Amino acid sequence: EGQAREAQIEAALERIRARSMSMQDTNDLGSVTLVFVDQLTELGMPVHWAGIVLHDPDDDTWTLRLGYSKLYDVARLRGKVFTIPLPPIADDPTIEAPEHGESVKQIHISKEEHPAWMQKYAIIYEATGQDPAELELMYPDGFYRIDAYMKHGLFGGGAAEPFTDEQIGIQDRF
């Protein structure tokens, strides 16, 4: 059973690597994002969305490629990807995690923190046409983010429930 699960995880990672390696330019990151979210879902991770955030240190710009999984409650967004320029990111514990030696971090955005979080990242909700009230219904207890870090950005995902140790380990392999 353990070997079969490991083979399943490796196959999913290889599909993501293959899509990444076939990229011609940064416009292809959208399709990488969709493969990423699909493979996490296939591995049993309860992700509603996944994204790739890249930071350009030369001009301190951030760009999010955000894809929605088949598990997402808003049907019109399932299987879609958005490219969203973000303002400079500050006071986000996941952005600062690599400075503390962390390669993967899970955070919980509580119900109480959710309104401030939505205001901070309102650009995402505006770009995807989502109503904040709709999101509060989907995440009555808040939501969970899991991010894996690279030199100039991260791969991340979000869900309504916490990620298991195995799922955190899978994310760490990216």
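The values are calculated or read from the model by the stated rules, or taken from the named source; none is laboratory data. Computed from a prediction, not measured in an experiment: that's the story for all the values here. Please note: Cβ atoms are built from the backbone with ideal geometry, for glycine as well, and neighbour counts cover all protein chains shown. Protein only, heavy atoms only, side chains kept; ligands, DNA and RNA dropped before computing areas. Shrake-Rupley method; radii C 1.70, N 1.55, O 1.52, S 1.80 Å.
Hand me the list of helices (runs of 4 or more DSSP H) wholly inside the stretch 109-174 holding 2 or more residues that are exposed (fewer than 14 other Cβ atoms within 10 Å of the Cβ) and among the hydrophobic types (A, V, I, L, M, F, W, C).
Numbers: elements: 114-120, 122-128, 132-138, 165-172.
Here the list reads 122-128, 132-138.
Does Thr26 satisfy the criteria of being at negative phi, open to solvent by 70 Å² or more (accessible area, probe 1.4 Å) and touching a helix residue (DSSP H, G or I) at 6+ places or on another chain (Cβ under 8 Å)? It would help to see each step written out before you state the result.
On the way: at negative phi: yes; open to solvent by 70 Å² or more (accessible area, probe 1.4 Å): yes; touching a helix residue (DSSP H, G or I) at 6+ places or on another chain (Cβ under 8 Å): no.
Answer is no for this residue.
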